[in-house]
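Inspection log for the structure reproduced underneath, given as structure tokens.
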Ligand code: GLU
């Protein structure tokens, strides 16, 4: 059975690239009836962020990617948490020492620093295997005296070749690799060690992760070999880019999943968009439900060239998802935006929701679109001039003056009545519809565009405000 795992470090936010990794892991598993496991990689205690695990949980929940198993904590499964398994890793590292595949290293920081060589970017050092030649007695004495130590992997000579589903066959000379640290002085494993132990113990069949781990993979394979374990299938994913040269990175201020949600994007749209960020379906389709993704997903469609995160494309897709929401769900989602943009209590917010739903890319577009409702903005009478409808300021003034008493006489203030009354005047005057609707719409909104037409606006604003705004239009056009 296919088993994949999402292994985020708890950083406090969900990077878009990480979420995409999780999605592909989820899809690889689910498209073949497999299991998707969640593992929190928190062995880097210096980077530990309180509450960060909840962010991971919440994101997977919102993205509809539930993980399948884990320690039973009641309700949904808990994830596997590496820090809770600390002693396991030490035991495994000791097994490697016994097999001659790893060794204790007591080198001090000063000694390691002295090995560093300045390069153009940074000071780098390849460990010189000083402690590999310590005698058994020296090691035992150091351990007895409590000298701090790390455990290092002993990289053997030769070459290592492995296959990656996305990048193909890769071969590296082992001498290019350092005897990496498996267990740190604080007793915690490094990621490099823990991921191998856990992937094996959790029977992970497909390891899906960012291509930044590609260069370390040969070292992991040497560990699998040292233990005599089966090597999983590797699927490394190219980075998600902000532009041609820079990776998308939260640290550089690029949006995380949480940021996008806060900016008014829907989880479903984000998931759909990132599914296509580096994967091409075999069908010519862009909008996919999760079930459709599960049905359609195939690793053959994964690309090894990095993809650029295009916020405009995401916004378009978000708009498509917004349009498809039923009225009730849309209102619930947009309610807080509507309420903070419209403070008047005589406005039917559900109606406003209905007008804006098909016109927005994110919920943050709402405020701009409806802020004229509370207060008519100051506007230029140039707005009355509409080329296509052939309206002039003089004409608009005349038409507003004509419609004002008609509106004042309406007793049943609803869209149909208002619309029909306007239509009667239009027909009497023998003008085009737009030559009446445009000036009225302009007078009511003070904006070049509005989420609904003249009669709908009038109904929304109520009779009193409608009359006042038309009077204001007449006043401005008479100046
Ligand atoms: N903890 C690693 C990360 O967050 C996971 C890498 C992996 O999936 O193996 O980048």
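Data table
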read-out	value
With Cα atoms, 0 to 90° folded angle of helix 217-227 axis to the chain main axis	50 degrees
Taking the C-alpha atoms of the stretch 171-258, convex hull volume expressed per residue in Å³	167 Å³
Angstrom value of the Kirkwood radius, inverse mean 1/r, which spans all Cα pairs in the stretch 436-478	10.1 Å
Alpha-carbon radius of gyration plus Dmax, which is the widest Cα pair, for the stretch 82-192 in Å	15.8, 49
Pairwise centroid distance, computed over Cα atoms, of the stretch 243-261 with the stretch 279-332, Å	19 Å
Convex hull volume of the stretch 359-421 per residue (C-alpha atoms, cubic angstrom)	159 Å³
Folded to 0 to 90 degrees: helix 463-478 orientation relative to the chain principal axis, Cα	80 degrees
Descending principal axes extents, the stretch 320-479, alpha-carbon based, whole Å	43, 32, 27
Size of the chain as Cα extents on the principal axes (Å, biggest first)	108, 46, 41
Rg over Rh, two decimals, the stretch 178-325 (C-alpha only, Kirkwood Rh)	1.04
Calculated P(r) tail over 15 Å for the stretch 318-405, as whole % of Cα pairs	65 percent
Using alpha-carbon coordinates, inclination of helix 52-62 to the longest axis of the chain, degrees	50 degrees
Principal axis dimensions, the stretch 216-261 - Cα atoms, whole angstrom, descending	44, 25, 17
Inter-probe distance in nm under a simple model that places probes 7 Å from Cα toward Cβ, at residue 358 and residue 310	2.5 nm
Calculated FRET efficiency for the pair residue 389/residue 1, C-beta based, R₀ 60 Å, to 0.05	0.40
Gap separating the Cα centres of the stretch 87-105 and the stretch 443-478, nearest whole Å	78 Å
Length released on extending from residue 64 to residue 479, taking residue separation times 0.36 nm less the Cα-Cα span	143.5 nm
Three semi-axes of the equivalent ellipsoid, the stretch 237-320, Cα gyration tensor, whole Å, largest first	21, 17, 10
Per-peptide average of other Cβ atoms within 10 Å, ordering 95-104, 435-444, 242-251 highest first	435-444, 95-104, 242-251
Mean separation of Cα contacts under 8 Å, 6 or more apart, over the residue count of the chain: relative contact order %	12 percent
FRET E, pair residue 298, residue 246, Förster distance 35 Å, beta-carbon r, rounded to 0.05	0.75
Potential extension, residue 324-residue 216 segment - 0.36 nm per residue separation minus Cα distance	34.5 nm
For the stretch 10-37 versus the stretch 342-363, the gap between their alpha-carbon centres in whole angstrom	35 Å
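Where a number appears in this text, it was derived from the coordinates with a stated rule and is not lab data. Just so we're clear, the structure is a prediction, and the values are computed from it rather than from any experiment. Don't worry about glycine lacking a Cβ; one is built from the backbone with ideal geometry, like all the others, and counts go over all protein chains shown.
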